[in-house]
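The structure under discussion appears below in the form of structure tokens.
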Amino acid sequence: MNRALADLRPLFDRYGLGVGLFIAGAVTLWVFILIVLPQVAMVVISFSHNLPPAERGGPNDVYTVSHYAYFLFGQGDGFNSLHLQILGKTVLASALVTLFDVILCYPIAYMLAHGARPSVARLMVMGLIVPYWVNEVLRAFAFRIIFGSTGLVNGLGMSMGLWSEPIDFIREDIALYAGLTYAYILLMIFPIYNAVEALDRNQIEAARDMGASWWRIHWRVVIPMAKPGIASGCTMVFMLTTGAMAAPQILGGPSNLWFTQLVYQWFNDASNWPRGSAYAVILVGVCILFTFLMMRVFKVKIGEIGR
Amino acid sequence: MTKTINLDHVSIRFGAHLAVDDAHLDIAGGEFFSFLGPSGCGKTTLLRCVSGFIQPTEGRVLIGGQDMKGVGPNKRPTALIFQNLALFPLMSVAENIAFPLEVRGVSRKQRRKRAEELLDLIALPGTADKKVTELSGGQRQRVAIARALAVEPDILLLDEPLSALDLKLRQHMRTELREIQKRVGLTFIYITHDQGEALTMSDRVAVMSKGVIEQVADPVTLYDRPKTSFVASFVGETNAIPVTITERQDEMVVAEAGGGIILRGMSAGGRHYRPGEQCLAFIRPEQLRPAETGDNVLAARVVGDEFEGNLRHLSLLTASGQQLRMALVNDGRPAPIGADGIIAIGFAPAQTWVLPDGPLAKG
């Protein structure tokens, strides 16, 4: 605590008491009211019984792990395989989407940073950003139209004779993967771009001069440089994908639930906020685990991911 | 192995901009050859052309007698050392040095062995597992050289590799570079804007300005017998005096500077001047001496006096308004400056070069 206060000193020395107090206050507000409090509240609620308002604070209002137990074991007869499967599928699908994004975004980020001429790079950035002026829900619907039975993809594929019957991309989850992959590419491209941009072009030329093939240049010179960016992009894309709501709702197949939809159902359809909170906490836990995994895999520190 | 390099009327054009204009010269095997010129003179472009990153618009580059047309940088017997060295910051010193070997599929063990050999050569043993970022500027410099030498190239190309170092280290590295070159016996092509580097290290120097090679000569000739106004003014300090030719006697030229002063000087390369032609006479500050009689004697007012220990730099102004710089060796005798601030100076005609009027180097 003393240390934390000592860290604040320069703030007051530099900006004076008034502005210093404002900044300290604003940061405190942001961290505690907007980040810490809601999370703590959710964790607390997740350990409470789902009681009618009248009984809250009464003798029945005691802590319980029943909601977590429900997620694991359901009504008590064996594992809650349905929900465990949904979580597993969500995590697996998100990991897959994250992988697609890395494969897709690394070349784009590299081109932006080192390949394209400045004027072309500017156009590329515009092309990347402008679609995001449209709301996420509308973009999901756009994908639904593109992948529909009379949509662009089926139309093109059939007119080129690649297949004869319309393919149900929605049922096959292809629309969902495409939509989710596209939904967060910016969050993958820009961290990688940031990391790769710092790479000195001469290093690429030096490697070329020494006879390195393009894949070795990327493997040994560019990708090591991009690693913190890739790790940071992976973390963000994974978290946002597991936490996605609109795209799975609109693009998901009929028999296919995303874990967030489960959370949504507990809150809204079942009016069971404690259980919904418990499920949300589980999702947060999975995301935190994934972040640690990324740090292990890419051998980067948390500070580098946050950059 | 050493290989010759022939630039056969090489021109390089970027759009409308002529970066290198008809460069034609031969570099002998084992030679330390420098390209000297201000930034933007085309020297780096020419080097990148030799290394294979740029193709000549016209002309040919021959290495060891072979035309390099269509041969990529990775296939040429050259190794390039970049201005900022371009070491890989995320690799260890040994990995950096052995990277060219890794590319060629040499085994891990052999790579390690060669890296340690090279570290001995550059006098940095025991640093193999350090990070490049842990080394000092001079050490990094040497690692870059070791990396370039790893695959035993025939020609080493160096693009201002000392420019990032501080003065002391730069002077030390000059000697060291020259020693390494002698030890490995390779052809070195060195790019620099620093005339001190070019003169101290090179066997021969090509001075470039605006894409044109102005003069190719050994350092002494370059300094003592410049061929163009640019070379005279870029290499070393000099005084440029506008003159009008009055008479030519064999190698000697008689010319009139402003205010009726008659100068005698050498016509560079036996060039024939017509009487009445406007030229520039060049004389180095250290060639100006106190003198009362003889050729090229004139009186000037001392307007500035900087004492530097071994030398004393005088700023002079002649009656016709010509500014001159004079360097006096501090030999214990007082400078013969009169009470009125006037000094009589003279300079030998053999050290006065009359060159065609042309652009001078700035600064």
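Descriptive notes on the structure:
- The calculated Kirkwood hydrodynamic radius for the protein assembly as shown is 32.1 Å, given to one decimal from all distinct C-alpha pairs.
- Diffusion coefficient (Stokes-Einstein, Kirkwood radius over C-alpha pairs, 10 °C, 1.306 mPa s) for segment B:167-326: 88 µm²/s, rounded to a whole number.
- Taking the C-alpha atoms only, the angle from helix B:167-184 to the longest principal axis of chain B is near 60 degrees.
- Label positions at A:Ile146 and B:Lys69, each projected 7 Å from the Cα along the C-beta direction, are separated by 4.7 nm.
- Prolate/oblate/rounded label for segment B:58-202 (Cα gyration tensor, a/c 1.5): oblate
- In this calculation the C-beta distance from B:Arg289 to B:Thr57 is compared with R0 = 45 Å, giving a FRET efficiency of 0.35.
- B:Asp203/B:Glu152 FRET efficiency (R0 22 Å; Cβ-Cβ; nearest 0.05): 0.55
- Note on A:Ile23 and A:Asp168: the extension gain reaches 46.8 nm, defined as 0.36 nm multiplied by sequence separation minus the Cα-Cα distance.
- For A:Leu128 and A:Val43, the FRET efficiency from 1/(1 + (r/R0)^6), where r spans their Cβ atoms and R0 equals 60 Å, is about 0.95.
- Restricting the calculation to alpha carbons of chain A gives Rg and Dmax of 24.0, 78 angstrom.
- Helix B:137-149 vs. chain B, principal-axis angle (Cα, 0 to 90°, nearest 10): 60
A short reminder: the numbers here are calculations on the coordinates, not readings from a lab. All of these numbers come straight from a predicted model, not from anything done at the bench. Cβ atoms come from the backbone with ideal geometry, glycine included; neighbour counts cover every protein chain shown.
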